[in-house]
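> Structure in structure tokens, see below.
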């Protein structure tokens, strides 16, 4: 099996398949969330650094179609596979042709590379992290400070994408520690120095905006975190899937074989071997440790998978790679067949699942928006959950706020919606479930609940006239302040949009 021919043969079919998915699948709640970041760009956003918002703000200048906004994700595995193939000879000059193309092929047709066309914070993160890692590996060949500088600039881009990039920065540190050379320390200093402006920007923005990145990632979203045997097992199963069972088995071989025993013309200098092993294993092990107390998101680890594919391609015997290549190609084909089969089913096929009402809202958001259009002149549109709100907002072409407490994931709406300005106004709240008796009556002068049915799901329109802002502030907003804006006293707070807006003179700090 010739990996280069297979890579080139699969390139266009994979692109066509991913483009089909990008066109056929509706925008999901997470995607709509980040699209609204692009519509209202800022120096920072509630739960993550700002890069994906800036990224989408640029794309939105040319259009808002789902396939266009997903284009960076659609092209990602093909571009990264090509970059990996191009990079290997520069990192390991004696690597033979087959190995570089095995690394490229595994990167391009791994399971997530087949179907993941969605917009997430990890879209720019993967680009910046992988390119930074490749620059680091090139720099480690001869401690070329120019490549350290390139790697540092790219790492700064990753820092502005997602905080989990700290695992990659830590891998760089450990790589230097196990093979300390004076010029290597200088290179690490350059890499870290490049990240200082990005970190300074995030500290400045957070200090003036209630420290939302800290509160979300380290406090509010971790209320249910705790030691569990299930989450590490789930992480292990997820990694076996993402790598495919065949490649995961290759990484389970003794570390000496995965990172020390090299075959044929791929034999490389020890420092280069250790560097690639560090970039592969350090982040994945750190995620494994984190999984002891927290569920690891599937997309969190995508930045580090290309390094694992490169390590396998350069470490294992060529006959083993050929067998693995057949399995990975078959595994990719099964994903395509499964997607084709699912596309032939109707929405009603999923009616017995607990997600059916959300599926209908996502796929039929345009129709739901059309049914609400007659209210848009008299009502401010909202929902009781942020995912539903932003999904409806994308399809309706107007922002939907969040009414009620919702969850920690709904808090970016606290930045965008000012309930003071809604005092006395009319508000329409779209729900997938029936409101509890008396749930909304205290907040409106008049209240009416209407329903409509779509594909077997009943949707509820809560029509409230004459919003009572003061009562809402003293109940709902006061609860949100207590639960989600109890800032630690040690944080340097320069401003807090939530407390300054609704509770002037009251500190949010504990």
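> Compute the long axis of helix 29-39 from its Cα atoms, compare it with the longest principal axis of the Cα atoms of the chain, and write down the angle in degrees, 0 to 90, nearest 10.
Long axis of 29-39 versus the principal axis of the chain: about 80 degrees.
> Measuring from centroid to centroid over Cα atoms, what is the spacing of segment 5-20 and segment 93-129 in Å?
Each part reduced to its Cα centre gives a spacing of 13 Å.
> Across 5 Å bins from 0, what is the distribution of all Cα-Cα pair distances for segment 357-485, in whole percents?
2, 10, 22, 25, 21, 13, 5, 1
> For 489, 113, 129, 383, what's the fewest-to-most ordering of other Cβ within 10 Å of each Cβ?
Least crowded to most crowded, the residues run 489, 113, 383, 129.
> Relative contact order, percent, of the chain when contacts are C-alpha pairs under 8 Å separated by at least 6 residues?
Value for the chain: 16 percent.
> On to the next question. How long are the semi-axes of the equivalent ellipsoid of the chain, taking √(5λ) for every eigenvalue λ of the Cα gyration tensor, in whole Å from largest down?
Those come to 45, 28, 18 Å.
> What fraction of the DSSP beta bridges in the chain is antiparallel, stated in percent and rounded to the nearest 5?
Antiparallel bridges: around 70 percent, rounded to the nearest 5.
> Compute the acute angle (0 to 90°) between the alpha-carbon long axis of helix 318-343 and the principal axis of greatest extent of the alpha-carbon atoms of the chain; round to the nearest 10°.
Rounded to the nearest ten degrees, it is 20.
> Right, here's the next one. Once Rh is set to the Kirkwood radius over Cα pairs, what Stokes-Einstein translational diffusion coefficient, in µm²/s, holds for segment 465-510 at a temperature of 37 °C and a viscosity of 0.692 mPa s?
Taking Rh from Cα pairs, D becomes 288 µm²/s.
> Still on this model: Classify segment 24-156 from the C-alpha gyration tensor, please: rounded if a/c falls under 1.5, else prolate or oblate depending on whether a/b exceeds b/c.
oblate
> Please determine, in degrees from 0 to 90 and to the nearest 10, the orientation of helix 3-24 with respect to the longest principal axis defined by the Cα atoms of the chain, where the helix direction is its Cα long axis.
The two axes meet at around 0 degrees.
> Semi-axes of the equivalent ellipsoid for segment 1-81, please: Cα gyration tensor eigenvalues, times 5, square-rooted, ordered largest first, whole Å.
Ellipsoid half-lengths, sorted descending, are 30, 14, 10 Å.
> Another question, then. Could you tell me what fraction of 2.2 N^0.38 Å the Cα radius of gyration of segment 154-246 comes to, as a two-decimal ratio?
So segment 154-246 has a normalised radius of gyration of 1.42.
Quick note: the coordinates plus some simple rules give every number you see, no bench work behind them. Model, not experiment: these values are computed from the prediction. Don't worry about glycine lacking a Cβ; one is built from the backbone with ideal geometry, like all the others, and counts go over all protein chains shown.
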